[in-house]
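The structure appears below as structure tokens.
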Amino acid sequence: MTFALQCRRAYKLLKQNRFRKDERGVTVVEFGLLALPFFAIIGAILETGLVLLASQVLDSAVHDATRIVRTGEAQRNGYNMPEFRAAVCDKTFGLFDCNKLRIRVRVIDKFANAKSNSPVDKDGKWIITSSFQPGKPNQVVLVETYYKWPTILNILGFQLGNLNGGNAMLMSSSRVFMNEPYLG
């Protein structure tokens with residue numbers, strides 16, 4: 001073996017060892033590998049938190065607004081759908097587009113009949129219309145509220161949406177109660 005060939009092999013070995021031992025840039029490479037999953041998890045946590053917050057806000061708003069029906073205030077003051085919708089929307093802190101809320105207030109025979117069908121068809125289109133029938137004293141009333149919440153993060157298998165190909169989530173809140181024996 002010639003001296004030049006030995007030098008060339010030694011130089012190649014030295015370069016390979018130097019490359020293996022060089023730790024500059026390791027942090028950047030590791031961050032590059034972990035950045036997408038890390039930010040996806042952070043996004044998923046944030047979106048889940050926002051969905052839970054919005055769902056709770058809708059539920060609380062409906063709970064508070066149904067009080068005006070239950071106590072007879074809506075009936076005595078001649079409330080209609082826009083006024084009841086405003087009563088719900090006043091408590092949502094601007095999280096919802098109130099024009100897109102579907103609200104159905106109706107009288108039912110008894111508590112056992114408080115059943116609710118899906119408000120959307122298989123394509124995610126509304127099949128119910130908003131209505132407002134607050135009832136009379138001692139009548140059982142069912143209040144249903146629905147909203148299509150747009151989902152943002154639909155990557156890496158994380159998808160909260162159950163409508164429109166995963167781009168929206170159906171939120172709902174319902175209350176069943178008997179109107180108080182108010183004086184009409």
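The values are calculated or read from the model by the stated rules, or taken from the named source; none is laboratory data. Everything numeric here is computed off the predicted structure, so don't read it as measured data. Ideal geometry is used to build each Cβ from the backbone, glycine not excepted, and the neighbour counts take in all protein chains shown.
Here Ser116 meets the list (1) closer than 25 Å to Val57 by Cβ; (2) modelled with pLDDT of 95 or more; (3) not acidic (Asp, Glu) almost entirely, failing just condition (2).
Results for (1) surrounded by fewer than 16 Cβ atoms within 10 Å (Cβ to Cβ); (2) under 21 Å from the mean Cα position of the chain (by Cα), shown as yes or no for each residue.
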site	(1), (2)
Asp90	yes, yes
Val107	yes, no
Lys148	no, yes
Ile152	yes, yes
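If the condition is being of a type outside the set (S, T, N, Q) and within 29 Å of Gly78 (Cα to Cα), then the range 149-184 contributes Met171, Arg175, Val176, Phe177, Met178, Glu180, Pro181, Tyr182, Leu183, Gly184. Condition first: in contact with a strand residue (DSSP E or B) (Cβ under 7 Å, 6 or more places away or on another chain) and touching a residue at least 24 places away in the same chain (Cβ under 8 Å). Now tell me which residues in the range 110-129 satisfy that. Result: Lys110, Phe111, Ala114, Ser116, Pro119, Val120, Gly124, Trp126, Ile128. Note on the range 45-72: residues that are touching a residue at least 40 places away in the same chain (Cβ under 8 Å), closer than 18 Å to Val141 by Cβ and either of a type in the set (S, T, N, Q) or surrounded by fewer than 18 Cβ atoms within 10 Å (Cβ to Cβ) (or both) total 4.
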